[in-house]
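The values are calculated or read from the model by the stated rules, or taken from the named source; none is laboratory data. Remember, predicted model here, so these are calculated numbers, not experimental data. In this analysis, Cβ positions are derived from the backbone assuming ideal geometry, glycine residues included, and neighbour counts consider all displayed protein chains. We work out accessible area using only protein heavy atoms, side chains counted, and drop any ligands, DNA or RNA first. Shrake-Rupley method; radii C 1.70, N 1.55, O 1.52, S 1.80 Å.
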Amino acid sequence: MSEGDLVKAVIAYLNARGGFAWRNQSGQILLGSGATSRVVRMGRKGMPDVLAVISPLGRLVAVECKRGKAKPTADQTRVMGELKKRGALVIVARSIVDVEKALK
């Protein structure tokens, strides 16, 4: 399963559990070319792939999807720590099973 497929599966799973889940796009794009080009950042660097609000608690769930033995980057680790400090449930998922276990 690709990371993109896992992201889609996590969103579907969280929504099926009564959550409101979405892909949290972040990164950067290059606009224009040559001397007039500029880089535009979208989203906040290090944010998890999926964000969701789970009912009835209204708790934020943040899921970083990884393949194989890949680890979160330093920016991702920092952001996940900040989210945890503020009460979010933060999950590093390599499969749906990781999300299921974390939500039990």
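Couple of notes before you dig in:
- Where the chain is the region considered: accessible area per residue in Å², 1.4 Å probe: 63
- Among Ala102, Val10, Gly32 - extreme Cα towards positive end, dipole of the chain, charges at beta-carbon: Ala102
- Largest to smallest accessible area among Leu57, Leu51 [probe 1.4 Å]: Leu57, Leu51
- Solvent-accessible area, 1.4 Å probe, carbon plus sulfur percent, for segment 1-98: 56
- Of all DSSP-defined beta bridges confined to segment 43-103, some 50% are antiparallel rather than parallel.
- Applying the criteria of a DSSP loop state and at most 15 other Cβ atoms within 10 Å to the GluC sites (Glu not before Pro) of segment 19-104 yields no site.
- DSSP-assigned coil residues among trypsin sites (Lys or Arg not before Pro) in segment 22-60, each with at most 10 further Cβ atoms within 10 Å: Arg44
- Dividing the mean sequence gap of close Cα pairs (under 8 Å, 6+ apart) by how many residues segment 1-80 holds gives a relative contact order of 28 percent.
- For the pair Arg94 and Arg44, the difference between a 0.36 nm per residue extended length and the Cα-Cα distance amounts to 15.8 nm.
- Compactness of segment 1-54 was expressed as the Cα radius of gyration divided by 2.2 N^0.38 Å, which yields 1.51.
- Estimated D of the chain in µm² per second, where Rh is the Kirkwood radius over Cα pairs and Stokes-Einstein applies at 37 °C, 0.692 mPa s: 225
- CD proxy at 222 nm, helix term only [per DSSP H run n ≥ 4: -39500 (n - 2.57); per residue of the chain; nearest 500]: -9500 deg cm²/dmol
- Dipole in debye (nearest 20) - the chain, about Cα centre, beta carbon charges: Lys, Arg +1; Asp, Glu -1: 260
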